[in-house]
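The values are calculated or read from the model by the stated rules, or taken from the named source; none is laboratory data. Since the structure is predicted, the reported quantities are computational estimates derived from the model, not experimental observations. Note that each Cβ is placed from the backbone with ideal geometry, even for glycine, and that neighbours are counted across all protein chains shown. All accessible areas refer to the heavy atoms of the entire protein, side chains included, with ligands and DNA or RNA removed. Shrake-Rupley method; radii C 1.70, N 1.55, O 1.52, S 1.80 Å.
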Amino acid sequence: MEQIPFDGCFGCGPDNKYGLRATFRNMSDGGVEGFFIPQQHHCGYSDVVHVGPITGFLSEVLGRLAFHDDQYYLTQSMSITFKCSVSPGVRLHAMARLKKHSKSHFTAEGSIYGPEGEVIATGEGRFVTMQKAEVKKMAGKKNC
């Protein structure tokens, strides 16, 4: 599966005016990389991007490793360490790689970098994989 956007997605949806509108691509080594330019509406404190959009961006780049196997994913858990703050308008670059993979789960790790290569955040996530039909079925249920 290519690294395609999903219209209403918070992470990649080009039509989601409140989302990140990040872009992603497969890397030749089997990893995934992503790009995101936070905007003023992603800020918490004045001119400091909130951790929520940064976390969402990292979750998205990690989870999209599932697309290499033509699967969809849901984030099960994540740990993230923030190294420095980010201002809006700064182009961020993230890279993710697979750590472990089983039939129904995978674990990935990755980092987000600023324009000078400085590490903004690092993290690891565990993801549940599923087929498209399973995702559609879950979308109609109250699982929480």
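Observations on the structure shown:
- Ligands, DNA and RNA left out, the accessible area of the chain computed with a 1.4 Å probe is 53% carbon and sulfur.
- Charge dipole (the chain, unit charges on Cβ, about Cα centre) - positive-most of 107, 123, 35: 107
- For residue 98, solvent-accessible area (1.4 Å; no DNA, RNA or ligand), Å²: 80
- Dipole moment magnitude, nearest 20 debye, the chain about Cα centre, only Lys, Arg, Asp, Glu C-beta charged: 560
- Relative contact order %, the chain, counting alpha carbon pairs below 8 Å whose residues are six or more apart: 21
- Charge tally around residue 36: other residues with Cβ under 10 Å, Lys/Arg +1 each, Asp/Glu -1 each, net +1.
- In this structure residue 109 has an accessible area near 50 Å², from a 1.4 Å probe over the protein heavy atoms.
- Relative to the longest principal axis of the Cα atoms of the chain, the long axis of helix 51-63 makes an angle of roughly 40 degrees.
- 1.4 Å probe accessible area per residue over the chain, in Å²: 57
- When the convex hull of its Cα atoms is viewed from all sides, the range 1-68 shows a mean projected area of 4.4 nm².
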